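*Asks:* Before I ask anything, let me first share the structure, which is written out below as structure tokens.
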Amino acid sequence: QVQLVQSGGGWVQPGGSLRVSCAASGNIFSIYALDWYRQAPGKQRELVATITPSGATKYANSVKGRFTCSRDNAKNTVYLQMNSLKPEDTAVYYCNVLTPSGDYWGQGTQVTVSS
């Protein structure tokens with residue numbers, strides 16, 4: 001059973017930065033890719049970023065150049081660093097790992113960007 005626990009996020013003014021963390025109950029990030037999704041009110045869930053076991057990253061066009069995904073293997077934690085935040089980045093952010101034994105999600109973290 002995989003558990004993903006998120007932390008971070010919060011409120012920031014436009015142009016500011018926030019970081020969201022996703023800590024796993026075991027060493028799974030070296031085996032499986034982790035995806036970051038977000039869901040804004042009234043909108044569909046959107047794939048924002050992916051980090052593969054090799055450490056390669058991919059980003060949605062809407063966040064490319066502003067968001068960075070990284071991993072600390074010693075802490076079994078993946079980070080989503082969000083810079084130059086815009087009001088349209090406001091959403092609940094989720095981390096997700098899909099394994100042969102299940103599809104695991106973090107509890108979600110609110111990110112609010114407003115003045």
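*Asks:* Testing the spin-label approximation: label points 7 Å from Cα along Cα→Cβ at V2 and K43. State their distance in nm.
*Replies:* Spacing of the two 7 Å Cα→Cβ label points: 2.6 nm.
*Asks:* Right, next: Can you give the net charge of the other residues whose Cβ lies under 15 Å from the Cβ of A24, counting K and R as +1 and D and E as -1?
*Replies:* Here the count lands on -1.
*Asks:* Straight-line reach from K64: which lysines have a Cα under 16 Å away, not including same-chain ones fewer than 8 places off?
*Replies:* K64 reaches K86.
*Asks:* Within 10 Å, at most 12 other Cβ atoms, and a DSSP state outside H, G, I, E, B define an exposed site. Report the longest part of the chain free of exposed trypsin sites (Lys or Arg not before Pro).
*Replies:* The segment 65-115 is the longest one with no such site.
*Asks:* Are there cysteines in the chain with no other Cys C-beta under 4.7 Å, and if so, which?
*Replies:* Taking the Cβ cut-off of 4.7 Å, the unpaired cysteines of the chain are C69.
*Asks:* Answer with one residue from A91, T57, G108: the one whose Cα lies farthest towards the positive end of the charge dipole of the range 37-108, charges on Cβ with Lys, Arg +1 and Asp, Glu -1.
*Replies:* Of A91, T57, G108, it is T57.
*Asks:* Between A56 and S84, what is the label-to-label distance in nm when each label sits 7 Å out along the Cα-to-Cβ direction?
*Replies:* Taking the simple label geometry, A56 and S84 are separated by 2.5 nm.
Values in this text are rule-based calculations from the coordinates and carry no lab data. Source: prediction; values computed, not measured. Glycine gets a Cβ as well: all are built from the backbone with ideal geometry, and neighbour counts include every protein chain shown.
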